[in-house]
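First the structure, in the form of structure tokens, and then the observations on it.
The values are calculated or read from the model by the stated rules, or taken from the named source; none is laboratory data. Here the structure is a predicted model, which is why all the values come from computation and not from measurement. As a convention, Cβ positions derive from the backbone with ideal geometry for all residues, glycine included, and neighbour counts pool all protein chains shown. Areas reflect the complete protein model, heavy atoms only, side chains present, ligands, DNA and RNA absent. Shrake-Rupley method; radii C 1.70, N 1.55, O 1.52, S 1.80 Å.
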Amino acid sequence: MGAGTVLVVITTNPGDTKAISAWLSPQLPDGEVVQAAGYFAAVSAIERRAHAVVVDIGFPEGRDHWRLAEMRSRQADAAFVVVADATLLPRLAGAAKADLAVTRVADLPPLRELLLTDEPVVTDRAGSPRATS
């Protein structure tokens, strides 16, 4: 792991935030996963250089999603992942310039894949064999 935030996961509910944090913590060498509620708490965690930040942004209204672009600009080298309902996914993934966007926590790939993303991927994995197994 390099210095600074290497992974930012954006969710829209506290349940997903807790599940993702619990899944990530044992996988990081120092277990450093910061849970944040809201944009400003996430920016603060990114600036503190937490290795992974899992943020619950709630239900974005109006132009709230523009703040995701601000988070991206503060740590451009981090992998950004969005986990949200299919109706919110395109807007949030676009604003964050997400490297990966999924509709369910269960669709997240292993951590090493999240950290080595070369290009943006948006999927609901509905047709994947993993989704049915």
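List of remarks:
- Cα gyration tensor shape for segment 5-64, rounded if a/c is under 1.5, else prolate or oblate: oblate
- Inter-label distance, nm, simple model (7 Å from Cα along the C-beta direction), LYS97/ALA22: 3.4 nm
- Solvent accessible area, Å² - ARG48, 1.4 Å probe, full protein context: 150 Å²
- Average Cα contact separation per residue, segment 51-103, under 8 Å, 6 or more apart, as relative contact order %: 35 percent
- In the full protein context, segment 10-106 carries 47 Å² of accessible surface per residue, based on a 1.4 Å probe and ignoring ligands, DNA and RNA.
- Where labels lie 7 Å past Cα in the beta-carbon direction, separation of ASP30 and ALA86 in nm: 4.1 nm
- Share of pairwise Cα separations in segment 32-115, more than 19 Å, in percent: 32 percent
- Computed extension gain for LEU111 through GLU47, at 0.36 nm per residue and net of the alpha carbon distance, reaches 20.9 nm.
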